[in-house]
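One structure below.
The values are calculated or read from the model by the stated rules, or taken from the named source; none is laboratory data. Not measured: the values here are computed from a predicted model. Cβ placement follows ideal geometry from the backbone for every residue including glycine, while neighbour counts extend to all protein chains displayed. Side chains included, ligands, DNA and RNA excluded: accessible areas come from the protein's heavy atoms. Shrake-Rupley method; radii C 1.70, N 1.55, O 1.52, S 1.80 Å.
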Amino acid sequence: MWLKTLCVPLFITFICLSTSCFGSYIEDPFHSDVRQTHVYSRPTTYNQQDNVNPINNNEVWSRIDRVTLKVINVDDFGAKANGIDDSQAFKEAWELACNSSQGAIVVVPKNKIYHLKPIDFFGPCNSPLIVKIHGTIKATVHHSDYKAHGRRRWLYFVNVQNLRVEGGGIINGNGRTWWQNSCKINIALPCKEAPTALTFSQCSNLRVAGLRIRNAQQMHLSFNKCVNVKALNLSVIAPGNSPNTDGIHVSETHNIHIKNCVIKTGDDCISVVSGSQNVQATDITCGPGHGISIGSLGARNSAAYVSNVIVNRATISDTTNGVRIKTWQGGSGYAKNIKFQNIMVHNVSNPIIIDQNYCDHHKMPCPYKVSAVQVSNVIYENIRGT
């Protein structure tokens, strides 16, 4: 790896296995060319998206912007914004929009607060869609409402192509009761997963822009098995002591550009995990939290593959880490072709860290193992600060 233009006082930490930072390596079963878009664990039903052109989907939306789209207001389906559950109205509005052949805009009006239980927005849809969130969407506080969803998600968009979610409104995960019941806050409690506030799974040609995401139950915004994504001008905020509240989580996703986002949470501002390829993060303001992370990778002796990640122009303040790569002992696979450049850090404990002994167990140490995810071709350039 290469280090360029590093200014003191700035500390670099490499926590490696006794062999080296480049531990035992198992070849990715798929071709590793930079232009390829296969994900190593993607289900066969998802292969239809493999040949989508990378990142730039402006052509699709330029055509859509020239036609008249059907406007669908959630209030017309009975949404009251009066503190009572509005989930059914949102479901019916989505179904009408998704079935429209001319394209549609789903509108969540401004100056109103809508309360929702966990809700799934299923595709595929008949035409491109825009969801305009101008008001506030707030999560139910009743944990029992999440049982049917395995406690893991609140707002869930799945298998939707050509989708824009925007409007400047607020998505409020109402997460305080979840944080209070976290084992990281109260070690006497059992460790349980909490819901992700906003999830996009198996979506392509996706644009999420201008939203304010607040106080997620656990992760704020997750992209899983998506292709061609733009996440722009987002504000993601939760208290610095809120547990596991990653800002933007990228998993098994290809061709994603995260740009001009302010992320202040209790965990990683951005986390990129296995199966992700061609990830750009530009103009990021991060902190408090745990910094910008590749990983964790290789947990429970698993194989993990991450490649072609660029973080360019970031300001990271008052975080435990700056730019981090973290892998568990015992894993295999690789994290390669990663570049961190033009980054300013302020009061960051570990501005640059590669940790191949990552262990998130508080009650007992992780057992020593000799195999590891291989970390290679990592560049740090023009990283400054304290």
Would you say Lys336 is at pLDDT 95 or above, open to solvent by 30 Å² or more (accessible area, probe 1.4 Å), closer than 24 Å to Cys359 by Cα and of a type outside the set (Val, Ile, Thr)? yes
All conditions in (1) crowded, with 23+ Cβ neighbours inside 10 Å; (2) out of contact with any Gly (no Cβ under 9 Å at 6 or more places or on another chain); (3) on the phi < 0 side of the Ramachandran plot; (4) not small (Gly, Ala, Ser) are true of Val236 except (2)
Residue hits (the range 85-144; assigned to a loop (DSSP other than H, G, I, E, B), within 23 Å of the chain's Cα centre (by Cα) and of a type in the set (S, T, N, Q)) are Thr140
* To do: Return yes or no: is Gly103 at pLDDT below 95, closer than 18 Å to Phe121 by Cβ and not aliphatic (A, V, I, L, M)?
  => yes
Being out of contact with any strand residue (DSSP E or B) (no Cβ under 8 Å at 6 or more places or on another chain), open to solvent by 10 Å² or more (accessible area, probe 1.4 Å) and among the β-branched types (Val, Ile, Thr) narrows Thr199, Thr177 down to just Thr177
If we take the range 175-281, then strands (runs of 3 or more DSSP E) inside it with 3 or more residues that are over 18 Å from Ser293 (Cβ atoms) and in contact with a Phe, Trp or Tyr (Cβ under 7 Å, 6 or more places away or on another chain) are 196-201
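Conditions tested, residue by residue: (1) surrounded by fewer than 15 Cβ atoms within 10 Å (Cβ to Cβ); (2) small (Gly, Ala, Ser); (3) modelled with pLDDT of 95 or more.
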residue	(1), (2), (3)
Ile354	no, no, yes
Asn357	no, no, no
Met364	yes, no, no
Asn382	no, no, yes
